[in-house]
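Heads up, the thing below is written out as structure tokens.
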Amino acid sequence: MSKKLSNKTALITGSSRGIGRAAALAFAKHGVGLIAVHYAANADAAQTTVREIEALGAKAVAIGADLRKGKQATDSLWQQFKEAAIAFSGKPALDILVNNAGIAPATSIGDTTEAAFDELMTINFKAPFFLIQAAADDISDNGRIINVSTGFARVAAPTHPAYAASKGALETLTLALAPEFGKRGITVNVVRPGVTETDMNAEWLAMPEARAGAEAMSVFNRLGRADDVADVITFLASDESRWTTGQMIDATGGARL
Ligand SMILES: NC(=O)c1ccc[n+]([C@@H]2O[C@H](COP(=O)([O-])OP(=O)(O)OC[C@H]3O[C@@H](n4cnc5c(N)ncnc54)[C@H](OP(=O)(O)O)[C@@H]3O)[C@@H](O)[C@H]2O)c1
């Protein structure tokens, strides 16, 4: 039986853990041929994800690149992907690019140092920008670019001003690129997760009051799970979303509506 993403190639940044890992496993269940599991330093977690993907019948390769290093890192990441894709299919073609890797420090404007600001912008915004630039010519016609933002881009986030702004920049980039990529049938969209139970906020959610507050933000009165967000990413990766581009798709469980 043909599956939603049969034989596609996919690159998901930050897929050793969390939302990226859940998206990689969802892609594998939907028939993706090759998944590149990108990570920064956590090679063991990336290898575990690779094995989980392969158990579902897809091929996978782990690719390390610390996105704090800017364009040098995205060039290396792209080169490593191309080698894996050529080994898989004979061509460097990429069908689905998910810019998911990110960090989300809770730092007020007063406490944000220049170094912390630069690191955040480099990982969350500069890296997707230059990865899309590097990949552009090899993204297949009717391919997909999916950028992972945050619900904090649509509500005030005084606890995370630099983080919210880094994702705001990613959203503006998404809109700006949709017409150019549209000429080749490629869609460019954003998914906005809300509070999702991953390592990113494990420490915060270990506090019962914080957890209850986070649950109460959603109209469904629970936290998001990584697979809640992964299923929305999978929809945007599939042909079913072919008429949707330049859009910010909410995956917050109706948080703070
Ligand atoms: N969790 C939430 O509540 C939430 C809410 C809204 C939006 N988001 C967004 O969703 C995305 C995924 O979040 P998550 O919760 O799944 O995060 P996570 O569990 O903390 O995982 C982060 C992933 O990004 C990678 N990464 C971190 N720093 C990196 C760097 N310097 N260079 C390259 N890769 C790096 C990590 O690789 P290693 O394993 O090697 O460290 C890991 O694969 C992020 O963009 C985040 O902003 C999350």
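Read-outs: derived from the displayed coordinates by stated rules, not from any lab. Computed from a predicted model, the values in this text were never measured in an experiment. For neighbour counting, all protein chains shown are included, and Cβ atoms are generated from backbone atoms with ideal geometry for every residue, glycine included.
Observations
- Total residues in segment 140-173 satisfying the condition of being within 30 Å of Ser89 (Cα to Cα) and either more than 14 Å from the chain's Cα centre (by Cα) or surrounded by fewer than 23 Cβ atoms within 10 Å (Cβ to Cβ) (or both): the figure is 4.
- Helices (runs of 4 or more DSSP H) wholly inside segment 125-241 that include at least 1 residues being within 25 Å of Arg68 (Cα to Cα) and not hydrophobic (A, V, I, L, M, F, W, C): 127-135, 161-182, 202-205
- Of Ile132, Ile109, Ile103, all but one fail to be more than 20 Å from the chain's Cα centre (by Cα) and of a type in the set (A, V, I, L, M, F, W, C); the exception is Ile109.
- Residue satisfying all of: in segment 196-212; surrounded by 13 or more Cβ atoms within 10 Å (Cβ to Cβ) and under 19 Å from Ala230 (Cα atoms); farthest from the ligand (Cβ to nearest atom) among these: Glu197
- Residue in segment 15-23 that is surrounded by 24 or more Cβ atoms within 10 Å (Cβ to Cβ), of a type in the set (Ser, Thr, Tyr) and either closer than 27 Å to Thr245 by Cβ or over 19 Å from the mean Cα position of the chain (by Cα) (or both) present: yes
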